[in-house]
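The values are calculated or read from the model by the stated rules, or taken from the named source; none is laboratory data. Keep in mind the model is a prediction, meaning the values are calculated, not measured. Neighbour counts are summed over all protein chains in view; Cβ atoms, including those assigned to glycine, are modelled from backbone coordinates with ideal geometry. The area values use the complete protein model at the heavy-atom level, side chains included, leaving out ligands, DNA and RNA. Shrake-Rupley method; radii C 1.70, N 1.55, O 1.52, S 1.80 Å.
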Amino acid sequence: MPVSIYDIAIPTFHKQLASLEAVLDKAAEQAAAKKIDFAVYLGSRLYPDMFNLTRQVQLATDFAKAAPARLAGLDVPSFPDVETTLPELKARIAKIQTLLAAYKPEQFVGAETRELTLKVGGQEVTMSGLEYLLHVAFPNFYFHCTTAYDILRHNGIEIGKRDFVPRR
């Protein structure tokens, strides 16, 4: 039985965003216990030329909202990047989770062969929906989720692989 793009994309984005939110919650608990202002973490980055934690979460959610829309042949929802607090970032994640929950499998019929044209590095690139999901959307989504995790871990938050990839 073939696996649909819906079955690959929607649960993947949903589960990893839930893990990202759980890691943020765990970090908030530990910050409070150590009397550290969580804003310190939000502004933290792994290296001076990398994005901070806030931007990493925004970018992860951007890929989770854009990929399904493109694959379903819909306009990509646009949300301004205005979050400056943990509750605002969590609200952004919740908004994306709501979008993901609204998709139906039939919206993705033919998505694997649908041609998508995107600007990548300032140049237009055309690829199939499957190629886009597997080689653009997922790698970028996981990169930003991983970097958010790494920023927190680097700053002393006690999290591990089971927090990033929980057993469910």
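Among Lys34/Lys95; Lys15/Lys35; Lys65/Lys161; Lys65/Lys95; Lys95/Lys119, which pairs are too far apart, with a Cα-Cα distance over 21 Å? Mind showing how you got there, number by number?
Numbers: Lys34/Lys95 30 Å; Lys15/Lys35 30 Å; Lys65/Lys161 25 Å; Lys65/Lys95 9 Å; Lys95/Lys119 25 Å.
Beyond 21 Å between Cα atoms: Lys34/Lys95; Lys15/Lys35; Lys65/Lys161; Lys95/Lys119.
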Report the relative contact order of the chain, percent, no decimals, based on alpha-carbon pairs under 8 angstrom and at least 6 residues apart. 36 percent
Taking Cα atoms, the helix 5-33 axis meets the longest principal axis of the chain at an angle in degrees (rounded to 10) of 10 degrees
Apply the Debye scattering formula to region 1-93, with a single equal point scatterer on each alpha-carbon and no solvent, then give log10 I(q)/I(0) at q = 0.11, 0.17, 0.18, 0.22 Å⁻¹. -0.39, -0.81, -0.88, -1.15
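Which percent of the accessible area of region 50-101 is formed by carbon and sulfur heavy atoms (probe 1.4 angstrom)?
Values: 1330 of 2170 Å².
About 61 percent, which is the carbon plus sulfur part of the accessible surface.
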With springs only between Cα atoms under 10 Å, which of Ala33, Ala101, Ala64 fluctuates most in a Gaussian network model of the chain? Ala33
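Determine the calculated [θ] at 222 nm for the chain from helices alone, applying -39500 (n - 2.57) to every DSSP H run no shorter than 4 residues and normalising by the residue count; nearest 500 deg cm²/dmol.
On the way: 7 runs with 95 residues, N = 168.
-18000 deg cm²/dmol, from helical runs alone.
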Debye, to nearest 20: dipole size of region 35-168, +1 on Lys, Arg Cβ, -1 on Asp, Glu Cβ: 480 debye
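How large is Rg/Rh for the chain, to two decimals, with Cα atoms and a Kirkwood Rh?
On the way: Rg = 16.6 Å, Rh = 16.7 Å.
Result for the chain is an Rg/Rh of 0.99.
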Which angle from 0 to 90°, rounded to the nearest 10, does the C-alpha axis of helix 138-154 make with the longest principal axis of the chain? 0 degrees
Could you tell me which of Pro77, Val40, Ile93 has its Cα farthest along the dipole of the chain towards the positive end, charges placed at Cβ (Lys, Arg +1; Asp, Glu -1), taken about the Cα centre? Val40
Kindly report the accessible area of the chain per residue (heavy atoms of protein chains, probe 1.4 Å, no ligands, DNA or RNA), in Å². 54 Å²
Rg to Rh ratio, region 1-54, alpha-carbon atoms and Kirkwood radius? 1.20
Within straight cross-link reach of Lys104, meaning Cα distance under 14 Å, which aspartates and glutamates are found once same-chain residues fewer than 8 apart are removed? Asp7
At 20 °C and 1.002 mPa s, the Stokes-Einstein diffusion coefficient in µm²/s for region 90-151, with hydrodynamic radius from the Kirkwood sum on alpha carbon pairs, is 157 µm²/s
So the angle from the long Cα axis of helix 86-102 to the longest Cα principal axis of the chain, reported in degrees to the nearest 10, equals 20 degrees
